[in-house]
Amino acid sequence: MPAVIISTCGTSLLSSGAIDNDLRKLLTNHANAGDWSELPEDAVDTLKRHCMSREAELLAGDESLARRMSAELNSLLSWHKEFQGTKQDVYILLATDTVLGRQTAESVEKWLQARSHTTQIMSESGLRTRNLTEFRESLSGLSRKLIDMLDGYKQSGYEIYFNLTGGFKGLNGFVQALSTLYADKTFYQFERSEELLFIPKLPFQLNAQQLVNEHLHTFRRLSLNLECEPAQLVAIPDSLLFKIEEHTILSEWGELIWQQGHKSIYQQDLLPSISAQVRYDDGFAASTKDLTPALLSTVNQRISALGAYAEGGCKNALSSLDPKPLQHQIYKKRNLWECDLDNHHRIFMVKDGNNFLLEKVDRALH
């Protein structure tokens, strides 16, 4: 069975081995820099030369050298040896939003690609510990990307492995929590060892669906960063929320609960609109009665996204929503719009200013 291996990626490639104290100090002092432009020129020259030198040494070396130079490659090579990886395996490297983190992840990726492995680097803007608010926002964004990706691989028959050997503590702790929900196996490797330590799953499951169902309207609005009434927020545990100035969003843990809990709910019934600016015509509910669970889930997703679009003044829409007016003259007179569901189905609706009246789900007109 093919596998996806999620690896947190740190900067061990740059800091391992015999490097002088001045260089080690530069690596430490500028660990959170997001771009070379944030560093003094002399530091940029020194660190760029070091990054290029370490990458060239890594790419020219064998597996034994790769193990010594990179904690990430050491653990991945041990995994490959133990589980006899296949050509369909995919290696995902979780990198920080720092110049040194990206440099390291790119070097590790080049080493893997040179050996015909499929790789991808994932990160999120603000994923560095210099600013706590940005860091927590970025974790929420990263969790959404990861969960969508992992669900896709699961449906395609892949096993999911989490490798927590590299990276830094702030990210690893969160990824370990994520792994208890999504990983088939989670492993770690001590420095200079070739044996993998497997981390057992927690002996319980979060009852995410029940919690989400109890506060569904609020969770749906929070998932799209829409404002909620204070009374609605009070009912949700503080650990699932994160306040930025006067705006409340889902915390990284709240995002996990939402992603884990809402999918089954969205497949069961047509849900009420999350916005007063999106209403249903009399026949709309009837047009959704015979939809497959998957298509019904998409309908509920699009209705939520349409609410966010309407409340934002119809200025910015998610690419998956793609709201647009129909061009034939008979439709233009009514200001009839559509939004995509899949290749064959659309939601048809009448637009009035920044308000929408949803008429029916039907086959696409093309």
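The values are calculated or read from the model by the stated rules, or taken from the named source; none is laboratory data. Just so it is clear, the structure is predicted and the values come from calculations on it, not from any experiment. Please note: Cβ atoms are built from the backbone with ideal geometry, for glycine as well, and neighbour counts cover all protein chains shown.
Residue 337 passes every criterion in (1) in contact (Cβ under 8 Å) with a residue 24 or more places away in the chain; (2) farther than 14 Å from residue 295 by Cβ; (3) surrounded by 13 or more Cβ atoms within 10 Å (Cβ to Cβ) apart from (1).
Looking across the range 40-64, the residues that are hydrophobic (A, V, I, L, M, F, W, C) and in contact (Cβ under 8 Å) with a residue 40 or more places away in the chain come down to 47, 51, 58, 59.
Looking only at the range 232-258, filter to residues that are acidic (Asp, Glu) and over 12 Å from residue 219 (Cβ atoms); which one of those is modelled with the highest pLDDT?
Step one: of the range 232-258, the residues acidic (Asp, Glu) are 238, 245-246, 252, 255.
Of the ones still in play, those that are also over 12 Å from residue 219 (Cβ atoms) are 238, 245-246, 252.
On the way: 238: 84, 245: 70, 246: 75, 252: 77.
Per the criteria, the residue is 238.
Yes/no per residue for (1) modelled with pLDDT of 95 or more; (2) in the same structural domain as residue 265 (by TED's automatic domain parsing); (3) aliphatic (A, V, I, L, M):
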site	(1), (2), (3)
299	yes, yes, yes
307	yes, yes, no
312	no, yes, no
316	no, yes, no
330	no, yes, yes
333	no, yes, no
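Considering every residue within the range 211-219, establish whether at least one is touching a Leu at 6+ places or on another chain (Cβ under 6 Å), outside the structural domain of residue 122 (by TED's automatic domain parsing) and under 30 Å from residue 276 (Cα atoms). Give the derivation first.
The first filter runs over the range 211-219 and keeps only residues touching a Leu at 6+ places or on another chain (Cβ under 6 Å), leaving none.
No: zero hits.
Would the range 307-317 turn up any residue that is more than 14 Å from residue 277 (Cβ to Cβ), aromatic (Phe, Trp, Tyr) and more than 20 Å from the chain's Cα centre (by Cα)?
Initial filter on the range 307-317 (more than 14 Å from residue 277 (Cβ to Cβ)): 316.
Going one step further and asking which of them are aromatic (Phe, Trp, Tyr), we end up with none.
No: the range 307-317 contains no residue that is more than 14 Å from residue 277 (Cβ to Cβ), aromatic (Phe, Trp, Tyr) and more than 20 Å from the chain's Cα centre (by Cα).
The set of residues from the range 326-361 being β-branched (Val, Ile, Thr) and part of a strand (DSSP E or B) comprises 347, 350, 361. Taken together, the criteria place residue 300 among residues that are under 19 Å from residue 224 (Cβ atoms) and part of a helix (DSSP H, G or I).
For the range 82-105, how many residues are under 25 Å from residue 36 (Cα atoms) and either over 21 Å from the mean Cα position of the chain (by Cα) or in contact (Cβ under 8 Å) with a residue 24 or more places away in the chain (or both)? So the answer is 13.
Of the strands (runs of 3 or more DSSP E) lying entirely inside the range 122-222, the ones with 1 or more residues being surrounded by fewer than 16 Cβ atoms within 10 Å (Cβ to Cβ) and free of Cβ contacts under 8 Å to residues at least 24 places away in the same chain are found at 197-199.
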